[in-house]
Amino acid sequence: MTVKRRPGRRPGSADTRGEILAAARTVFAEKGFDKATVRGIARQAQVDPALVHHYFDTKEGMFAEAMQLPINPDEVVPAILEGPREEVGERLVRLLLRLTAENEARQPVIALLRSAMTNEQALAMVREFITNALLYRVADGLGVPHLRIEAAFSQMVGLILARYVLQLEPLASADDEDLVALIAPTIQRYFTA
């Protein structure tokens with residue numbers, strides 16, 4: 001005799017979304033961003049894949065939330081690509097400064113960067129996410145080589161590290177508008193040269 005499962009909420013915890021996020025963290029840590037699948041995350045959380053899609057539109061969005069990142073590529077990429085091309089550098093620098101302005105939003109980013117510098121698995125996961133979910137989508141949207149977006153990104157990561165990890169002065173306490181005026185033209189060069 002086969003016992004049919006009743007439709008409706010599954011037994012156990014009512015925090016299905018939280019369980020999916022916990023499963024996502026585990027799967028992303030074990031397999032990296034590229035090899036993790038929604039089906040694999042659903043299996044780990046013991047839910048139907050449709051339920052994962054119910055809570056999260058994309059794997060990128062789920063990764064950003066699971067890793068507690070202050071960015072969701074599905075929101076950030078269109079914001080970067082919208083507007084005049086000659087202002088992409090300024091939009092990128094302003095976005096970076098806005099995303100890292102608050103300590104609570106900045107800490108997961110810095111923790112992820114530090115982990116990537118000391119742990120090969122974390123490095124692979126961060127690299128896959130940043131390149132495939134964010135950088136290459138922007139580069140392809142702008143029609144620029146991937147090397148150029150990676151070079152621009154390296155400058156922006158350097159800014160984060162110098163400002164918030166090394167806390168170099170006067171960079172650490174510089175006004176955002178001064179930094180935009182100083183750095184945006186350099187970032188823009190990668191997209192126009």
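The values are calculated or read from the model by the stated rules, or taken from the named source; none is laboratory data. Predicted model only: the values in this text are computed from it and were never measured. Backbone-built Cβ (ideal geometry, glycine too); neighbour counts: all protein chains shown. Side chains included, ligands, DNA and RNA excluded: accessible areas come from the protein's heavy atoms. Shrake-Rupley method; radii C 1.70, N 1.55, O 1.52, S 1.80 Å.
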- Could you state the accessible area per residue of region 10-123 in Å², with a 1.4 Å probe and every protein chain left in place? 55
- Could you work out the relative contact order of the chain, using alpha carbon pairs under 8 angstrom and six or more residues apart, expressed as a whole percent? 22
- Task: Treating the angle as unsigned and between 0 and 90°, give the value, to the nearest 10°, between the Cα long axis of helix 88-99 and the longest Cα principal axis of the chain.
- Result: 60
- Item | Cβ-placed point charges (K, R +1; D, E -1), dipole of region 52-193 about Cα centre in debye, nearest 20 | 380
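Please work out how much length the chain gains when fully extended from LEU182 to GLU75, using 0.36 nm per residue of separation minus the C-alpha to C-alpha distance, in nm with one decimal.
Details: separation 107, 0.36 × 107 = 38.52 nm, distance 2.60 nm.
Full extension from LEU182 to GLU75 adds 35.9 nm.
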- Message: If I build a Gaussian network model for the chain, linking alpha-carbon pairs within less than 10 angstrom, which residue out of THR118, THR37, THR100 has the largest mean-square fluctuation?
- Response: THR118
- Query: At a 1.4 Å probe, what is the % contribution of carbon and sulfur to the accessible area of the chain?
  - Reply: 53
- Message: Just to check I understand the Karplus step: with θ = phi - 60° and J = 6.51 cos²θ - 1.76 cosθ + 1.60, what whole-Hz values come out for region 27-32, glycine and proline as x?
- Response: 5, 4, 5, 6, 10, x
- Message: What distance in nm lies between label points placed 7 Å from Cα along the C-beta direction at VAL165 and THR58?
- Response: 2.6
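Which length gain, in nm to one decimal place, applies between GLN121 and ASP175 when the Cα-Cα distance is subtracted from 0.36 nm times their residue separation?
My answer for the length gained is 15.9 nm.
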